[in-house]
Amino acid sequence: MSGQIKIWGRINSSNVRKVLWCAEELKLSYQQIDAGGAFGVVDTPEFLALNPNGRIPCLQDGEFTIYESNAICRYLAKKYGTVPFVAESLEEWSLADQWMDWTTFSFGMPFRNLFWNMVRTAPEDRDQAAITLGIEHCSQQFAVADAVLKDQPFLSGEACGVGDIPLGCLAYAWFNMEIPRPDLPHLAAWYQRLTERPAYQEGVMSLLT
């Protein structure tokens, strides 16, 4: 390892949770630095020199700096990962990539609006239309994953891998918000398997705020 790994970002960010979970799966030693939200930091010259977008997460590995959560996870997996968490073949790696990108582009704003209203907004101020839309949209997307998980234990295949990380972080919020959810048994079983992983417990399962 070229130097101490630093992960910038608050632990209640789903994107930061991706990186923390990945680092835990890889059994890396790292320093997590609170930034973003109430912690500020992201608009300081020091942080903007690392990520000019002023967003979290951001990772430093010695002299190397990278931002964007999926990119960070891919970097860590390729540099420090081993089979089976990291795919052995190009085809398996590409499928993991597919699920990472699918999650990012399939959930987006509807999930964000749902989470923001249910977790970060007082009940009397919630946008019920956004909540309804978010539940409907996300239910449809989770059903896609449920159909795949009928035939394999993880999105990444027979073993948990980086392809499971983005959706796994959203699933934690999905199953812990007080909302009606469709019966998706394979998704629920997959989520249960994730919750039994020490790395998931450590990297993801902090209080939703």
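Values quoted throughout were computed directly from the atomic coordinates according to the rules given, and no laboratory measurement underlies them. The model shown is predicted, which means the values in this text are computed figures rather than measured ones. Note: ideal-geometry Cβ built from the backbone for every residue, glycine included; neighbour counts use all protein chains shown.
Using Cα-Cα distances under 8 Å and only pairs 6 or more residues apart, what relative contact order does the chain have, in percent?
Dividing the mean separation by the residue count of the chain yields 26 percent.
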Would you work out the charge dipole size for the chain about its Cα centre, treating the Cβ of every Lys and Arg as +1 and the Cβ of every Asp and Glu as -1, and quote it to the nearest 20 debye? 280 debye
Would you grab the residues whose amide H sits under 5 Å from the one on Cys58? Only those 5+ places off in sequence or on another chain, please, with H modelled 1.01 Å from N. Trp8
Give the distance, in whole Å, between the Cα centre of segment 122-166 and the Cα centre of segment 17-49. 25 Å
Env charge @ Asp34, Cβ radius under 13 Å, K,R +1 / D,E -1, value +2
Hand me the GluC sites (Glu not before Pro) from segment 174-209 located in a DSSP loop with no more than 12 other Cβ atoms within 10 Å, in residue order please. Glu178, Glu196
Determine ³J(HN,Hα), in whole Hz, for all residues of segment 196-209 in sequence, where each value follows from phi through the Karplus function 6.51 cos²θ - 1.76 cosθ + 1.60 and θ = phi - 60°; x replaces Gly and Pro. 8, 8, x, 5, 5, 4, 6, x, 10, 7, 9, 4, 6, 9
Once Lys and Arg are counted +1 and Asp and Glu -1 for all other residues with Cβ under 15 Å from that of Glu92, the total becomes -3
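Please give the calculated 222 nm ellipticity per residue for the chain, where each DSSP H segment of at least 4 residues contributes -39500 (n - 2.57) and the sum is spread over every residue; nearest 500 deg cm²/dmol?
Estimated from H runs of four or more residues: -16500 deg cm²/dmol.
Give the residue list of GluC sites (Glu not before Pro) in segment 45-128 that are DSSP loop and have at most 10 other beta-carbon atoms within 10 angstrom.
Details: sites: Glu46, Glu63, Glu68, Glu88, Glu91, Glu92, Glu124; in loops: Glu63, Glu68, Glu88.
Hits after loop and neighbour filter: Glu63, Glu88.
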How far, in nm, would the chain grow between Glu124 and Phe39 when pulled straight, counting 0.36 nm per residue and subtracting the alpha carbon separation? 28.0 nm
Karplus-derived HN-Hα couplings along segment 99-113 (A = 6.51, B = -1.76, C = 1.60, θ = phi - 60°), whole Hz, x at Gly and Pro: 5, 5, 5, 4, 4, 4, 8, 8, 9, x, 4, x, 5, 4, 5
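Over all distinct alpha-carbon pairs, what is the Kirkwood Rh of segment 90-200 in angstrom?
Details: mean 1/r = 0.0690 Å⁻¹.
One over the average 1/r among Cα pairs gives 14.5 Å for segment 90-200.
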By the scheme Lys and Arg +1, Asp and Glu -1, what is the net charge of all other residues having a beta-carbon under 10 Å from that of Ile72? 0
Expected vector for segment 80-90, Karplus 3J(HN,Hα) from phi with 6.51, -1.76, 1.60 and θ = phi - 60°, integer Hz, x for Gly and Pro, equals 10, x, 9, 5, x, 4, 9, 4, 8, 9, 4
Give me the extension gain from Leu207 to Asp101: residue separation times 0.36 nm, minus the current Cα-Cα distance, reported in nm with one decimal. 35.6 nm
For Thr65, what residues show an amide H to amide H distance below 5 Å, using hydrogens built from the backbone and excluding near sequence neighbours? none
